[in-house]
Amino acid sequence: MLPELGHFALILALLLAGLQAFFGIVGPMVGRDRWTAAVTPAVAGQFVMIGTAIGCLIYSFVSDDFSVLYVAENSNSALPVFYRVTALWGAHEGSLLLWIFLLSCWTVAVSIGVSRLPQRFGARVLGVLGVVSFGFLLFTLATSNPFTRLDPPAPDGRDLNPILQDPALAIHPPILYTGYVGFAVAFAFACAAMLEGRLDQQWARWTRPWTTAAWAFLSCGIALGSWWAYYELGWGGYWFWDPVENASFMPWLVGTALIHSLAVTDKRGLFKSWTLLLAVLAFSLSLLGTFLVRSGVLVSVHSFAADPTRGIFILVFLVVMIGGALSLYAWRAPLLKSQAGFELGARESFLLFNNILLVIAAATVFAGTLAPLISDTLGLGTLSVGAPYFNPTFMLSMLPLCALLGMGVHANWKRGKLGDKTRMLLTTLAIAAALGCIVSFVIYSHGKILTPVGATLGIWIILTSLVDPIERVRRKLSLPRAVVGMTVAHIGLGLFVLALTTVESFTVEHDVSLANGAATAVGPYEFRFEGVKPIEGPNYEGVGGTIRVTRNGMPLTVLYPQKRQYYVQRQVTTEAAIEMHYGSNLLVALGEDLGAGKWSIRIQVRPLVNLVWLAAFIMAVGGGIALSDRRYRMARTAEEGAPVVPAATASVTAGEQAR
Amino acid sequence: MNRFLIPLGVFGLLVIVLAVGIKRSPEKGIIVSPLLGKPAPEFALPSLTDPAHVVKSSDLRGRWYVFNVWGTWCGGCRAEHNTLMEIRQSGAVPIIGMDWRDSESEALSMLQQMGNPYETIAVDKDGREAVDWGVYGAPETFLVNDKGVVVYKYVGPITPDAWQKEFLPRLPQRQAGAPAQPSKS
Amino acid sequence: MTTINKVAIWPTALITAVLLFCATTAQAVDPTQMPTPELQQRYLALTHELRCMQCQNEAIADSPVDLAADLRRQVKEMLLAGKTDDDVRNYMVSRYGEFILFRPRMSIKNLWLWFAPGALILIGAFVAVRIIKQRAALVPQDNEPLEEDIRS
């Protein structure tokens, strides 16, 4: 009964989404205020319906209702309750429902936020979000219904894929999707602006906090995915340039460019059409990514035989949404011209470089990810692209970006006058280089050529980012949250660059075969294998190994890697033992039983790898701080239809710095 | 020309690529073998049924044959077994089997149970020969002509449909009607 | 079910099974030791460069399936026999196709991919120069006040 209720709720949600889209877009167009006002109840109704649907599905999981096909395929009576809930997003149909639910949450938040904005504009934003929701709901109901019944019901479920039975799985998809879906808001703002013909600096200011919020969530989501892959399935690897990873990384890159472009549009009314395009592009990449990994068009030669129906549906949806938005763009953009100017050394220049380099990076990842498909389509044969392609090409645009960041944060708007800062910049660079060399050659050793470069850049970013806030505090000037947020986020980036450099330069990995009692040395560490014994868990059994670790002869710790076989799916997973000591992660994983008590074992020492994810988190926190700046909460004073006066809005205190 | 139409244009191209990709996605599981049109790898492996006897590729020169890579551990191989038996009945072309990374005893007992469609079976115990043929999954089936050149490769279990559409048309006409070959036991 | 789906079921099932296996055990440990450090380097480099044809996006160095072990053995034997890295790559490509290489080899067909980033940067530089020139020329007549004073 409950699954049918959930199914019905989704149908109602579809209708409400349709109404939301209709009232939101047509209402303002024909000037019917009653229609325009009808959007908000539609939003609320949709949220209730989708919430009901997802509640029904969760209930089906928790109550072991194996008459629901999706539950039967992804759960099991022996599965701990916690994972029965998270299994909801373990496969296609459920994760789609999660997508829809999060979109609904964002829409509700936006409907509250735009209540302070001109009504027609707000309605248009919600209307566009309604179109997106409509498309997804239609797709779900037509091709991916999670409430399909299984008749007769299965006696028990097929169990959740063991690698997904992990706490990180609980938070990774929801947070990732929150970011992914969140770019729909910027997209909606852009479309609303284009529909209305209102394309001014105020629009940029309204859009900024939403975009930054989505970006922050996406940053966390990607970092969580990387972390999860590291300890759950990567055996020490944390980024593979896999199409699924790239699908979330491309929107992030464009989203970062968007955040910065919005700053320029907000501040000086420049780059308006470019910002619009980026806003459309970011969400387009989200859409493209979500679906590429589900339609089976991509991935690799050995992808699952795709269900062409799903693929076609998605493609039509993409054409409607992205094609529609880009058509609007082609229509409105030519009218956007600004007479503002800026010098070479001005902040606008640096943000221009920032945007160009980020977009190039995104385009490179895009090319590499789609290359196999393009090559195949054009009959150029099967191509395969992996880390050996992505790593150097990605760095080609990112290294200059990092270098320019150090200077850019000190450039003033419009006139720049970077020359005044030369001494400070050179000093910080010298300090950074010195510290970078210490890290590269003294603390660790055997680095590569790029190691001191990367370390210097990372440290320099941190130092230059700190100069301005420290100066302000010293001079008792105001320090708005936007500046604090920016500083924190940039510091996060600097830490990230530093961590990435050390991890990639100084990781040591040994695969060895050890008999019981044998040991191997890695740097100052010695790893002694002390055999395996059988282990058992709630829904698995296996073997656990014991590895005793010493450092410079002194006992350090004991590690317990495991190999588990899950009862139901009979899959074997490897649970690596990971511990952090002295800033480095020690990872030990069991390989194969080689017979006669010998096992092949992977040992990996990764310095500073936890900093990689911590840095990403810091970036996200910076974003969070920035978007809480009070200027975003100022009520808009512009009347509907009145000409919008750029720049002179009095809501900013004097002496506030450029951000 | 309105340069703001460029994004839309690029998107249009992308849609075309994706559409073609979807249309061709059922074929995605298969890569084109680089062996097509090239001489089949030479091999000399022990026979499954008589380990003392060596199955040599040179002995097969001069006639068409189907080279089928299989194993008892492979579900798809069991699935295609009936089709292979039918091909054997039709006598169109001999099937040479290669038992890939398998246990001889289990292989023999499977053939006992399900019938033996092969004229002879080579044993590739350690997988070296399979690598030489560019095999990456079982079952895989090659069609080799009388000059020893690989004419066609099929990945996955052979279905009667595939046999009709892909293999038969490639055989020389008179071969398709030839009587069943005596099998070496 | 459409015809396409019917035909696709067996390859799907087989591939699914193998992929799940690859995905869960995810990686293998390869304790192979070559007699010299130089050979070990080359061995590691090559096994990370060659794709495991049964798994999505895994190198033969990391894949647990038998095929990967066989291919690793092949690499090892070829290196011990004194073959060059290119010999090994050619051997693999002539049997499995270009797809087995993670790094697409520079060839006419791949040129566009390898040159894309560099070309994009050049275009980007050109665009940047043009925009900055345009905007710098507008500064003298741009007297709109900024939201706040220029920082002191």
Hull volume in cubic angstrom per residue (convex hull over the Cα atoms of the range A:389-428): 76 Å³
Centre separation in Å (Cα based) which lies between the range A:126-183 and the range A:252-267: 30 Å
Over 21 Å (Cα to Cα) - which of A:K533/C:K76; A:K533/A:K598; A:K598/C:K83; B:K56/B:K125; A:K414/C:K133 fall in this group: A:K533/C:K76; A:K598/C:K83
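If we sort A:142-150, B:69-77, B:42-50 on the protection proxy, mean other Cβ atoms within 10 Å, highest first, what's the order?
Details: A:142-150: 18.4, B:69-77: 21.0, B:42-50: 16.4.
Averaged packing, sorted descending, gives the order B:69-77, A:142-150, B:42-50.
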Relative contact order (%) - criterion: Cα under 8 Å, at least six apart; region: the range B:30-176: 32 percent
Nitroxide proxy distance, nm - points 7 Å out along Cα→Cβ at B:V15 and A:M580: 4.8 nm
Sequence-distant residues sharing a close amide H with B:I121 (under 5 Å, placed H): B:L48, B:T49, B:G97
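How big is Rg to Rh over the range A:567-622, alpha-carbon atoms, Rh as the Kirkwood inverse-mean-distance radius?
1.17
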Net charge of Cβ neighbours under 12 Å - reference A:A229; Lys, Arg +1; Asp, Glu -1: -4
Within the range A:336-431, trypsin sites (Lys or Arg not before Pro) in DSSP loop having at most 11 other beta-carbon neighbours inside 10 Å: A:K337
Anisotropy class of the range A:1-160 from Cα gyration tensor, a/c 1.5 cut: prolate
Convex hull per residue volume in Å³, alpha carbons only, for the range B:30-176: 101 Å³
For B:3-13, mean number of other protein chain Cβ atoms within 10 Å: 6
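How would you order B:34-40, C:73-79 from highest to lowest mean count of nearby Cβ atoms within 10 Å?
Numbers: B:34-40: 16.0, C:73-79: 19.1.
Packing order, densest peptide first, comes out as C:73-79, B:34-40.
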Cα gyration tensor shape for chain A, rounded if a/c is under 1.5, else prolate or oblate: oblate
Eligible lysines near B:K38 by straight Cα distance, threshold 17 Å, same-chain separation 8 or greater: B:K147, B:K153
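Averaged across A:330-343, how many Cβ atoms of other chains sit within 10 Å of each residue's Cβ atom?
Details: counts 8, 3, 1, 5, 4, 1, 1, 0, 4, 5, 6, 11, 8, 4.
So the per-residue partner count for this stretch is 4.
Taking only DSSP H segments of four or more residues, each worth -39500 (n - 2.57), what value at 222 nm results for chain A once the sum is divided by all its residues, to the nearest 500 deg cm²/dmol? Don't skip to the end; give the middle numbers.
Numbers: 19 runs with 384 residues, N = 659.
The helix contribution divided over chain A gives -20000 deg cm²/dmol.
Taking the inverse of the average 1/r across all pairs of different Cα atoms in the range A:508-609, what Kirkwood radius in Å do you get?
Working: mean 1/r = 0.0720 Å⁻¹.
Answer for the range A:508-609: a Kirkwood hydrodynamic radius of 13.9 Å.
Given the C-alpha atoms of the range A:171-294, compute the convex hull and give its volume per residue in Å³.
Values: hull volume 11.2 nm³, N = 124.
Expressed per residue, the convex hull around the Cα atoms of the range A:171-294 is 90 Å³.
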Residue-count net charge about A:L335 - beta-carbon cut-off 15 Å; Lys, Arg +1, Asp, Glu -1: +3
Neighbouring partner chain Cβ atoms per residue of B:121-134, average, 10 Å criterion: 3
Overall Cα dimensions of the range A:468-553 - principal axes, largest extent first, Å: 65, 37, 21
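Excluding A:A346 itself, calculate the net charge of residues whose Cβ lies under 12 Å from the Cβ of A:A346, where each Lys or Arg counts +1 and each Asp or Glu counts -1.
It works out to a net charge of +4.
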Packing-based order for B:104-113, A:122-131, using average beta carbon neighbours within 10 Å, highest first: A:122-131, B:104-113
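Quick note: the coordinates plus some simple rules give every number you see, no bench work behind them. Owing to the predicted nature of the structure, the values given are computational and were not obtained by experimental measurement. All Cβ positions, glycine included, derive from the backbone under ideal geometry; neighbour counts span all protein chains shown.
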